């Protein structure tokens, strides 16, 4: 899952405006607490996000709200099956 606009692009390429808009839309969550972390992430990093960052965020957004909250509150570690380079990097960015 993710965005077809990102297919075949280098992970280090800057994220385009349309892809950023789609990513923001996909990141809306049911828990206010998750939304606060995500909004802070976009406020800090939107202008410098890469295609790889977007892929990592899409991977994290596939988690349930409660699992994402556990990661953001550092109550659990990123599952090894999900611990891709992109997802790990974005999680670290979310926690700053």
The chain: translational diffusion in µm²/s, Stokes-Einstein, Kirkwood Rh over Cα pairs, 10 °C, 1.306 mPa s: 119 µm²/s
Longest principal axis of the chain (C-alpha) makes with the long axis of helix 32-45 (C-alpha) an angle, in degrees to the nearest 10, of 40 degrees
Do you know the relative contact order of the chain, to the nearest whole percent, from alpha carbon pairs under 8 angstrom that are 6+ apart? 34 percent
Relative to the longest principal axis of the C-alpha atoms of the chain, give the angle of the C-alpha long axis of helix 17-26, reported between 0 and 90° and rounded to the nearest 10°. 20 degrees
Using a Gaussian network model on the chain with a 10 Å cutoff between Cα atoms, which of 23, 12, 49 fluctuates the most? 12
Mind ordering 39-47, 52-60 by average Cβ neighbours within 10 Å, highest first? 52-60, 39-47
Contour minus end-to-end for residue 88 and residue 76, with contour as 0.36 nm per residue of separation and end-to-end as the Cα-Cα distance? 3.0 nm
Could you list 88, 50 in order of exposure, starting from the residue whose Cβ has the fewest other Cβ atoms within 10 Å? 88, 50
What angle do you read, to the nearest 10 degrees and between 0 and 90, between the alpha-carbon axis of helix 51-61 and the longest principal axis of the chain? 30 degrees
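Each reported figure results from applying straightforward, stated rules to the coordinates on display, with no laboratory input. Keep in mind the model is a prediction, meaning the values are calculated, not measured. Cβ coordinates were reconstructed from backbone atoms using ideal geometry, including for glycine residues, and neighbour counts include every protein chain displayed.
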